[in-house]
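Laboratory data are not the source of any read-out in this text; all were calculated from the coordinates shown. The model shown is predicted, which means the values in this text are computed figures rather than measured ones. Because the Cβ atoms are built from the backbone with ideal geometry, glycine has one as well, and the counts that use them run over all protein chains shown.
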């Protein structure tokens with residue numbers, strides 16, 4: 001045993017409250033400071049303090065809440081662009097220039113508050129999943145060639161190193177179990193509520209928690225490419241992208257802002273030339289600039305989408321971009337793979353067919369004994385079935401395996417073989433199982449037929465409910481594309497309610513099927529396991545990789561990665577995206593109506609500056625808060 005010890009990694013601290021997270025943002029701190037100064041200035045006015053004192057407090061409020069927008073607007077101006085930050089600062093300064101310092105301060109406070117809300121939404125999105133990158137322990141115990149252990153920083157581990165993971169420790173790297181057996185709590189990465197067994201040959205991930213056993217793990221990927229590191233990169237990428245609606249708004253915003261400036265100058269100059277006094281002309285022009293500015297329009301799109309990305313991330317679904325989250329709500333057809341998607345990709349014994357007077361348990365125990373040393377998936381499935389039934393499986397000797405032919409061994413003095421069934425002894429029950437697309441193996445004892453075992457890929461528990469939910473959302477059931485046999489595909493499709501089945505497909509055939517649906521006017525979402533489905537995932541309007549946490553190909557090909565491998569998240573994800581799109585439409589409607597109403601009032605009547613500020617900036621705050629509604633827990637509704 002290694003002599004070195006590894007300092008136990010402490011459990012993560014409780015998640016900080018929303019208030020403490022918000023206070024770490026400079027936008028929030030400055031907005032809060034501006035609000036306090038604004039209230040103090042108002043209090044001084046009400047108590048009859050010298051006007052100079054209240055003016056000084058208001059001007060300090062200008063600086064606290066306006067310096068960041070001013071810097072952002074100046075930078076944009078240097079790049080020969082005009083944005084709403086500069087418009088708001090200019091409007092506030094104009095209000096102060098004509099003696100309306102209270103109204104200008106109110107504008108600054110509300111504008112800073114809306115900016116703080118946007119920053120908070122972005123921060124919540126990133127923190128929803130990026131905290132996973134901090135789960136991996138700082139140290140690891142590397143096993144040297146002589147069996148001793150060396151404690152070193154986990155970041156210094158290289159591919160091929162062997163590390164010792166003691167009970168209760170967090171795993172320092174993604175790798176493969178070489179020795180030992182334990183249960184691993186993967187909730188921090190996949191969201192699975194129950195620990196999973198980890199035995200020799202199993203893959204384990206950095207940041208997960210080892211259970212009661214001791215494991216020796218071979219490092220398979222460097223620290224910067226581990227699952228948690230890739231998840232953090234995905235979230236960063238998603239937070240920095242912009243949806244199509246947002247890009248369109250930003251393109252319009254440039255022209256619109258220039259138009260507002262030109263209209264403001266005209267609204268100031270024309271009345272002045274016609275004999276109006278300077279203060280009234282400037283006040284009306286400043287009011288127009290404020291109410292016509294597209295602040296709420298700019299905030300209409302991204303807060304709902306960022307909130308949806310954060311909510312999905314909390315439930316083990318990673319959208320790699322705002323474009324992907326927006327696109328999920330527009331899909332009209334869903335294509336699903338069979339193996340690894342609707343099924344979990346591992347064969348399972350589904351029928352035991354004994355011959356003669358043997359019992360099913362006796363037949364299964366003999367087959368499991370012969371398959372005990374086998375590494376073939378069928379062999380592991382047979383052993384697992386016997387163990388699940390609680391059968392006593394005797395040891396075997398003289399084990400032999402022939403590729404493509406099966407295994408043979410001596411069990412309790414008898415020769416037992418497990419192989420493909422012979423045509424001459426194929427019974428009606430065997431043919432029925434094969435007609436359903438199941439794999440059938442024959443068990444022979446001392447050369448005589450003892451019975452058959454039927455195996456099939458195990459259907460995921462949520463498959464039928466998910467197919468039904470997607471069918472209800474789209475108006476028609478998903479399309480099944482698989483490279484498996486037609487019999488197996490039809491059998492599985494009948495069990496989950498899919499009627500459009502296309503089997504025996506190569507990867508390029510799946511791409512052709514996706515292109516066909518797109519040619520018919522559909523926006524297609526492809527759901528696959530991220531490996532052999534990679535071409536179809538890339539060709540889809542939205543590609544969703546199931547169980548992609550260990551697959552580089554899934555990360556590179558898919559727009560969405562279902563980390564916890566839960567089918568029930570798919571309809572919930574589509575509905576979440578649709579709700580986000582509905583909120584975007586609501587926000588655009590609110591913002592547009594408020595701008596039109598206030599501009600009309602200012603042009604045909606007399607709109608008081610305080611009312612214009614309250615109406616315009618109030619709509620901006622309302623739009624930002626409306627976009628944050630998807631951060632609530634009840635925004636996520638998976639299938640039953």
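In table form, for the structure just shown:
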read-out: Counting DSSP beta bridges with both ends in the range 344-459, the antiparallel % (nearest 5); value: 100
read-out: Anisotropy class of the range 344-459 from Cα gyration tensor, a/c 1.5 cut; value: rounded
read-out: Inter-probe distance in nm under a simple model that places probes 7 Å from Cα toward Cβ, at residue 197 and residue 156; value: 3.7
read-out: Listed peptides 440-451, 318-329, 358-369 by packing density, highest first (mean Cβ within 10 Å); value: 318-329, 358-369, 440-451
read-out: Global form of the range 504-544, assessed from the alpha-carbon gyration tensor, a/c cut-off 1.5; value: oblate
read-out: Ascending count of other beta-carbon atoms within 10 Å, so fewest first, for 224, 522; value: 224, 522
read-out: Fewest-first sequence of 107, 52 by Cβ atoms within 10 Å of each Cβ; value: 52, 107
read-out: The range 509-541 versus the range 608-622: alpha-carbon centroid distance in Å; value: 47
